[in-house]
Amino acid sequence: MDVPDLAPLTPGARRVLDAASELFYERGIHAVGVDTIAAAAGVTKKTLYDRFGSKEALVVAYLQHRDARWREHLAAQLARVPEPGSDRVLAIFDAAISWSGENGLKGCSAINARAEIGDGHDGHPVFPEIARQKVWLLDLFGELCREAGTIDPRAMAKRMMLLHEGALVTVGLETFAHPLEVARDLARALLESLAP
């Protein structure tokens, strides 16, 4: 499983990215200005702009670094279930459950960012990053469903993706308790009902 290879950061850039990541996730992208990020990172706005160029580029870096951490977490979960089958597909839900408790009480950072930037047709530089992350996950579901021998793996991957993403949104909305666990149970039932 590929994890994005991100360029190393200078110590100042790392502080900016860490501060921005925490603030963007907790408060939202539009609610946090570069002055707040610079102050939290202990740098000047000039340093922030020298390292990232723009707030939008900083948002992309935030999403990329969070995605890289998620993929590492997911890779570790998948390594626990090396044999192809339904349990390997469900490992994505297991990874989301364990990730959410530590890193995602407000739901998915990419989904949250997408909600703030609009429909993506205005050329906003953040949208391609969000789309890239979600296409990657759909492709991973497809690969795991194919390896598991499911009937019509692409269609099954879409079903798994809908369950997963819907649960992530529900985590952020706090509509009911344990949505990822509910989605996992539904995913298992679906995989069992449509097994060859």
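Looking across segment 40-57 at every residue that is under 15 Å from PRO11 (Cα atoms) and hydrophobic (A, V, I, L, M, F, W, C), the one that is surrounded by the most Cβ atoms within 10 Å (Cβ to Cβ) is identified as LEU48.
The residue that is nearest to SER86 (Cα to Cα), among those in segment 171-196 that are assigned to a loop (DSSP other than H, G, I, E, B), modelled with pLDDT under 95 and not hydrophobic (A, V, I, L, M, F, W, C), is PRO196.
Is it fair to say VAL60 is among the β-branched types (Val, Ile, Thr), closer than 28 Å to ASP139 by Cα, surrounded by 14 or more Cβ atoms within 10 Å (Cβ to Cβ) and modelled with pLDDT of 95 or more? The answer is yes for VAL60.
Quick grid of which residues meet (1) under 21 Å from the mean Cα position of the chain (by Cα); (2) touching a residue at least 24 places away in the same chain (Cβ under 8 Å); (3) in a helix (DSSP H, G or I):
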site	(1), (2), (3)
PHE24	yes, yes, yes
ILE29	yes, yes, no
ALA38	no, no, yes
GLU56	yes, yes, yes
VAL59	yes, yes, yes
HIS65	yes, yes, yes
ALA68	yes, yes, yes
GLU72	yes, yes, yes
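Return a yes/no flag: does segment 183-190 have any residue that is in contact (Cβ under 8 Å) with a residue 60 or more places away in the chain, basic (Lys, Arg) and buried (at least 17 other Cβ atoms within 10 Å of the Cβ). The answer is yes; a qualifying residue exists. Looking only at residues in segment 1-20 that are at pLDDT 95 or above and either more than 26 Å from LYS106 (Cα to Cα) or among the small types (Gly, Ala, Ser) (or both), the one that is surrounded by the most Cβ atoms within 10 Å (Cβ to Cβ) is ALA20. When ASP50 is tested against (1) acidic (Asp, Glu); (2) free of Cβ contacts under 8 Å to residues at least 60 places away in the same chain; (3) within 22 Å of LYS134 (Cβ to Cβ), just one condition goes unmet, and that condition is (3).
Out of (1) crowded, with 17+ Cβ neighbours inside 10 Å; (2) touching a Phe, Trp or Tyr at 6+ places or on another chain (Cβ under 9 Å), the odd one out for VAL126 is which? The failed condition is (2). Kindly indicate the residue of segment 86-116 that is assigned to a loop (DSSP other than H, G, I, E, B) and surrounded by 16 or more Cβ atoms within 10 Å (Cβ to Cβ) and also modelled with the highest pLDDT among those meeting that condition. Checked segment 86-116; the qualifying residue modelled with the highest pLDDT is CYS108.
The values are calculated or read from the model by the stated rules, or taken from the named source; none is laboratory data. Bear in mind that the values here come from a model prediction, so they are computed numbers and not experimental data. Using ideal geometry, Cβ is built from the backbone for each residue, glycine included, and neighbour counts are taken over all protein chains shown.
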